[in-house]
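The block underneath contains the structure these notes are about, expressed in structure tokens.
The values are calculated or read from the model by the stated rules, or taken from the named source; none is laboratory data. All values reported here derive from a predicted model rather than from experimental measurement. Here the Cβ positions follow ideal geometry from the backbone for every residue, glycine too, while neighbour counts run over all protein chains shown. What goes into the accessible areas is simple: the full protein's heavy atoms, side chains included, and nothing from ligands, DNA or RNA. Shrake-Rupley method; radii C 1.70, N 1.55, O 1.52, S 1.80 Å.
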Amino acid sequence: VDESGKEYLECYVGPSNVQEGQQTAEQMVKDIGNDAKILYIDGQAGDSTSAERLEGMMKGIEGTNIEVLENQISDGNREKAQQGMENYLVKYPAGTVQAVYCMDDNIAIGAINATEAAGRDDILVYAAACGDYNTLTYIKEGALRATAMQSPIIDAQTALDYAVRLAQGEKMAEFDNF
């Protein structure tokens, strides 16, 4: 939150993009091991959510020998993510890369579309966070290996609960990530 807006803020409640990114990266490490090469497909350049999820991914692979070979910007667009992944697939032959880590589920679906079209099942796909319950289908099918669920329903319910508690005079922590 920009300093000029803090006077209007009682508290923030919501998921931590850093924690989401880290949790997914930790699962990725369990799946691919400590010695691997990965690719990254980001959202929008300069976006705080993208930066925080990347920070989380880097924390999740800290202490490993995992090498991030490249980072492409997708602008959060599934088609651009698919094109970026198609470019990766041409550049990196089968067996040279173990995973692609994506900033969100929409981007991951673009990467999945590319890997499936190319018949490349050697690269596992991960999404830092998921805001769409339909993405769970990709997990059930094994196309998406892991993500952190970010539910707008849970976000809204928690925000309303906090608003009621604030209106009743309860003091809340300035930031509460769940």
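The table below gives the values:
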item	result
Criterion: of a type in the set (A, V, I, L, M), closer than 18 Å to residue 123 by Cβ and in contact with a strand residue (DSSP E or B) (Cβ under 6 Å, 6 or more places away or on another chain) - qualifying residue of 81, 94	81
Single residue of 132, 155 found to be more than 30 Å from residue 92 (Cβ to Cβ) and open to solvent by 40 Å² or more (accessible area, probe 1.4 Å)	155
Residue check, residue 136 touching a residue at least 40 places away in the same chain (Cβ under 8 Å), under 27 Å from residue 154 (Cα atoms) and in a helix (DSSP H, G or I)	no
Lone qualifier among 136, 124, 89, 144 - being at negative phi and under 13 Å from the mean Cα position of the chain (by Cα)	144
Some residue of region 102-118 being touching a Pro at 6+ places or on another chain (Cβ under 7 Å) and either assigned to a loop (DSSP other than H, G, I, E, B) or surrounded by fewer than 15 Cβ atoms within 10 Å (Cβ to Cβ) (or both)	no
Check on residue 46, at pLDDT below 95 and on the phi > 0 side of the Ramachandran plot	yes
